[in-house]
Amino acid sequence: MSCGDIPDGLTTTEEQGEALMPRKKKVQRVDKSLCQKCKESKSMYIIRNVTYCKTCFEVSVFTRFTRTLHPILKTEAAGVRDKEGKKARIALNQGGTRPNPTNGSVVVGLSGGASSMTLLDLLVDKEYIGKGDDKVIDRTKGEKQPVWNKGYIVHVDFSDLIEDTHTSSPDRSEVLKQWIEGKENGLVWIGLKAHDVYDANLTNKIRRIAGLPETQEDASSGLKVDLKNPDLPLFPIPSSSSSTPTPLAQLRTILATLPPASRPSFLSSILDSLIGTAAEIIPSVSHVLLGETSTRQAQRLISGTALGKGYTLPLELAVTNKPMCNAKYTILKPMKEITIKEVAIYTHLKGLNGVVRNDRKWDYSGPISKKDSRGKDHTRSLESLTEQFIASLGVTHPATVSTINRTGDKLTFTGEKEKGVSCPVCQMPVDPNALEWKSRTALTALPEKTQTDHERNGTNAELDEKDSLATMLCYACLTTFTPPTVVSKAVKQETTPVRLPLWVEQNLRRRKEVDRDGMRDEIKDFLIGEE
């Protein structure tokens, strides 16, 4: 069959053959019953249309784990800041070899899910974490040099906040603690509660667990915020207050005040603050490792965009990130190239099904009403809707997660992280025009028919801009704390300010000190000297 007229000048049969349509190459058939890596063992799992046996599957997971972790540690060890430098390129090409010791400790966030359990199991089984005894390694006997001297496992329990009796979440801290102690690797277990963010003795609690001497706690009166007011005015708590609610009661109160769709985002900030607090208190911590898989990263990309986190989303999705509040440690996410399906298979192979629990049930935190459970499968937040959407779409379209993550890798942070200010809630950089942008694009308040003199000249009117939490928040946290504009026709109840968590209060005080120092630097040329 010819693909067209024979050009002029071609007379011989051989020359005419060059003008014919080339034959289609035969596609080599792959035997799906055999592992495509070793070509010998029987295949057990199919990942991205590639079949694996048990042994090759574990090797594949560990290879992609080291491909993400090793280049970062080697780049830091080389002291390279410019990613385009020659030394950085050399380090990135050496992902297979084990990096040198960091001479520090590591904090691992353990939620009890499949991803964090896989992360910790890889770190312990491959001897990345030492026992803290400074043991001399004999390489002739096959011993491996640990990357970190000692490991601290931080687990935050949210079971006390789940108020739905049908979806109760029991406290699994003891089960996870026993599993950690069974590793016999000298890991230090730090079990915390979500309501510890209101505990004034949190610092000494962590220091006691880590074997450090206690310090004098800074007694502060605290701050309250009116979450029913779009301006989020702040009120100091009088020191003469006689009744002090328990930390759990205070956390439940603020959750009940927040809209149900905003509670998972607020609980996520609580989790990050507790892990960061533990890393700051424990000495010689160089890295904090989190077990976020590529599936979780894709979910955060979609839900974060919908929640207004587009400004800081490149920093949250990055494999490595330095906190703004403290440059003591670096946050790493070495599970970025591994999917949730693979970590589920890995925990099954390791016999961890009795320990792993993947459902956080943050949608059921706080009081639940019929109005709040009208979503599909009683879903009340964008995070849960995104998780269900990506999980269902990934069944028929396996490339969904990788496509979303490739798009997220193209995002870049356009602000100045070193010179900018951080949000007191999520501790991420703040867009200076967040409040102005929200006032232009969103309806923050409805016009009222009549305002009484008391409402017009009340206590809130006496507060200036500096006493408003809304002016200090990023766009995402501002959306989380802003009350809904659709108000029920029922009788309007009197609002009561709720207390802010301790880490938010500390960040607000630190923010004011920075503003005061910045103002002093601006007017230093106009100050009269003491002479």
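The values are calculated or read from the model by the stated rules, or taken from the named source; none is laboratory data. Note that the structure is a prediction, hence the values are computed from the model and not measured. Cβ placement follows ideal geometry from the backbone for every residue including glycine, while neighbour counts extend to all protein chains displayed. Accessible surface is based on the protein model in full, side chains and every heavy atom, while ligands, DNA and RNA are left aside. Shrake-Rupley method; radii C 1.70, N 1.55, O 1.52, S 1.80 Å.
Of note:
- Residues that are in contact with a strand residue (DSSP E or B) (Cβ under 9 Å, 6 or more places away or on another chain), open to solvent by 20 Å² or more (accessible area, probe 1.4 Å) and either among the aliphatic types (A, V, I, L, M) or closer than 23 Å to residue 71 by Cα (or both), drawn from the range 332-358: 339, 345
- Of all residues in the range 42-75, those satisfying the criterion of being in contact (Cβ under 8 Å) with a residue 24 or more places away in the chain and of a type in the set (D, E, K, R) are 48, 54, 58, 64, 67, 74.
- Number of residues in the range 311-357 that are assigned to a loop (DSSP other than H, G, I, E, B) and of a type in the set (Phe, Trp, Tyr) equals 2.
- Filter result for residue 193 (in contact with a helix residue (DSSP H, G or I) (Cβ under 8 Å, 6 or more places away or on another chain) and of a type in the set (Lys, Arg)): yes
- Within the span defined as the range 114-123, every residue fails to be touching a Ser or Thr at 6+ places or on another chain (Cβ under 7 Å), modelled with pLDDT of 90 or more and farther than 30 Å from residue 348 by Cβ.
- Selection from the range 97-114 of residues that are hydroxyl-bearing (Ser, Thr, Tyr) and under 25 Å from the mean Cα position of the chain (by Cα): 102, 105, 111
- Here residue 279 fulfils each of the conditions (1) under 21 Å from residue 509 (Cβ atoms); (2) open to solvent by less than 30 Å² (accessible area, probe 1.4 Å); (3) part of a helix (DSSP H, G or I); (4) touching a helix residue (DSSP H, G or I) at 6+ places or on another chain (Cβ under 8 Å) apart from (4).
- Residue within the range 109-125 that is over 22 Å from residue 338 (Cα atoms) and either open to solvent by less than 50 Å² (accessible area, probe 1.4 Å) or hydrophobic (A, V, I, L, M, F, W, C) (or both) present: no
- Any hit, the range 216-237, residues being closer than 20 Å to residue 152 by Cα and open to solvent by less than 60 Å² (accessible area, probe 1.4 Å): no
To keep it simple, each residue is scored yes or no on (1) modelled with pLDDT of 90 or more; (2) more than 19 Å from residue 317 (Cβ to Cβ); (3) assigned by the TED database to the domain that holds residue 58.
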site: 361; (1), (2), (3): no, yes, no
site: 368; (1), (2), (3): no, yes, no
site: 376; (1), (2), (3): no, yes, no
site: 387; (1), (2), (3): no, no, no
site: 396; (1), (2), (3): no, yes, no
site: 404; (1), (2), (3): yes, no, no
